[in-house]
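Data first, discussion second: the structure below is written as structure tokens.
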Amino acid sequence: MLSKPVPIHNKPERVLDIVREHSSDDQTIFLGGTDVNNSDIESPEGVRDTVVQAAEYISPDRLGTTDDCGFSPFGDDRSTARRVAFHKIESRVKGTKMAAETLGVDT
């Protein structure tokens, strides 16, 4: 498992190619499905598309989703409102389920 989620928002093909090259088949790769630094709430369809794109590089049974970095990593960090964070997590979960259905993977 990678110790940090793979943020694939910028240059996803390059990032996914590097991860594919440097990971082994026994590792689970967690994609950063939501951007914690942006208050825009990702759509479930956008998360699904991210996972489906990643499955072109990495076997779908090795993929998982998480947030890019986590919400409010410090007690005084108020950059992401709690309401927004929960909506982002909800979209990520829905999008991950949609991707699993698209890819024929059990969740």
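Could you derive backbone 3J(HN,Hα) for the stretch 29-46 from the dihedral phi with the Karplus parameters 6.51, -1.76 and 1.60 (θ = phi - 60°), listing whole Hz in sequence and x where the residue is Gly or Pro?
Values per residue, Gly and Pro as x: 9, 9, 8, x, x, 9, 9, 6, 8, 10, 7, 5, 8, 5, 7, x, 5, x Hz.
Add +1 for every Lys or Arg and -1 for every Asp or Glu among the other residues with Cβ under 14 Å from the Cβ of D35, and state the total.
Surrounding charge for D35 is -2.
Using a cut-off of 17 Å between alpha-carbon atoms, which aspartates and glutamates can reach K94, once sequence neighbours fewer than 8 places away in the same chain are excluded?
Answer for K94, where 17 Å is the Cα cut-off: D35, D40, E42, E45, D49, D67, D68, D106, listed by chain and number.
Kindly provide the Kirkwood hydrodynamic radius of the stretch 13-73 in Å, to one decimal, from all pairs of distinct alpha carbon atoms.
Taking every pair of different Cα atoms in the stretch 13-73, averaging 1/r and inverting gives 12.3 Å.
Taken together, the values in this text are just the output of simple stated rules run on the coordinates, not laboratory data. The model shown is predicted, which means the values in this text are computed figures rather than measured ones. Here Cβ is always computed from backbone atoms with ideal geometry, including for glycine, and neighbour counts include all displayed protein chains.
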